[in-house]
Amino acid sequence: MLIAHISDSHIAGFGEKAYGVAPTAENLSLCVNHINRLRPQPDCVLVTGDITFDGLMEEVQRTSAILKKLNYPFYVVPGNHDDRATLFSEFSKNHCPANNENFINYVIEDYEIRLIGMDSTIPDAPGGEICTQQAQWLETRLADQPEQPTIIFMHHPPVNCGVLETDEDGFKGTKRLGDIIAKYANIERILCGHIHLEAHIKWCETIVSTAPSMGLQLNLDLTLKKPSQFYVDSPGYQLHFYHQEKHLISHTVYVKDRNGPYLF
Ligand SMILES: [Fe+2]
Ligand SMILES: [Fe+2]
């Protein structure tokens, strides 16, 4: 099984750039085209939030028009820059199959790896949360299939990554979630976004992996000095390949002009 993982497109209104400088819609189109040309083909694409710049319907529709050019099923969860209601109204059923916009949590059972999407957002706050109700929901779902390889995908990393976006924004319910995660050895990975940077963190007997953004990449500064800054750079996404020997391998792909390929 092959999963492509896109995050943090931050798409502004038609004709606009994110923060006035980052062509994130064009970058998302580049990644969609790149993913469509991959061989082997991915089975599906996960989109881990901050899909829009400000949660506006125009922004959701602009993003949706690009994502719907993917040749594969794709699934979205919201980030702190999104609005649950606009996101759900555009993507529900096929791409966000939750019961309602107030509880965007769902399970995709169609693949060798079980996919659990969770809404880690807190309205009008930059940080994340998994509340008691969500934690109970997750534990019930995990208990349904404790042997099947599983990926959880959500916007916020539930653990500090050594950058302001986690260590300052915060995450409510880290222990609540971690206590559940640690009980299930079948959780191959927790896939996130939010920090606009590739990172991998061992946490609660699994690995949290974050994807880069659609060209709005974090200026890595481990001093945690404010303010947080970004570079306008090449867009990147991740590929998670479930090997026939039953281990998940993750690669980060940057879509940019390169010199090559040459023979080794
Ligand atoms: Fe973001
Ligand atoms: Fe975010």
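The values are calculated or read from the model by the stated rules, or taken from the named source; none is laboratory data. Keep in mind that what you see is a predicted model, and the values were worked out from it rather than measured. Cβ: placed from backbone, ideal geometry, glycine included. Neighbour counts: every protein chain shown. Only protein heavy atoms, including side chains, enter the accessible area calculation; ligands, DNA and RNA are left aside. Shrake-Rupley method; radii C 1.70, N 1.55, O 1.52, S 1.80 Å.
What the chain shows is 46 Å² of accessible area per residue, with the surface traced by a 1.4 Å probe over protein heavy atoms.
Count charges around Glu90 for me, please; just the other residues with Cβ under 12 Å from its Cβ, Lys/Arg as +1, Asp/Glu as -1.
That works out to -1.
Which percent of the accessible area of region 2-254 is formed by carbon and sulfur heavy atoms (probe 1.4 angstrom)? Please report the intermediate quantities before stating the final value.
Details: 5220 of 10740 Å².
In region 2-254, the share of accessible area belonging to carbon and sulfur is 49 percent.
Rounded to the nearest angstrom and listed largest first, the equivalent-ellipsoid semi-axes of region 136-217 from its Cα gyration tensor are 23, 14, 10.
Each Lys or Arg adds one and each Asp or Glu takes one away; over the other residues whose Cβ falls under 14 Å from the Cβ of His34, this sums to +3. Listed peptides 171-177, 157-163 appear in the order 157-163, 171-177 once ranked by packing, highest mean of other Cβ atoms within 10 Å at the front.
Where does the chain land on Rg/Rh, using Cα atoms and the Kirkwood Rh?
Reported Rg/Rh (Cα atoms, Kirkwood Rh): 0.94.
The packing ranking of peptides 7-13, 201-207, highest mean first, is 7-13, 201-207, where packing means the average number of other beta carbon atoms within 10 angstrom of each residue. Both radii were evaluated on the Cα set of region 31-155; the Rg over Rh quotient, with Rh as the Kirkwood radius, amounts to 0.97.
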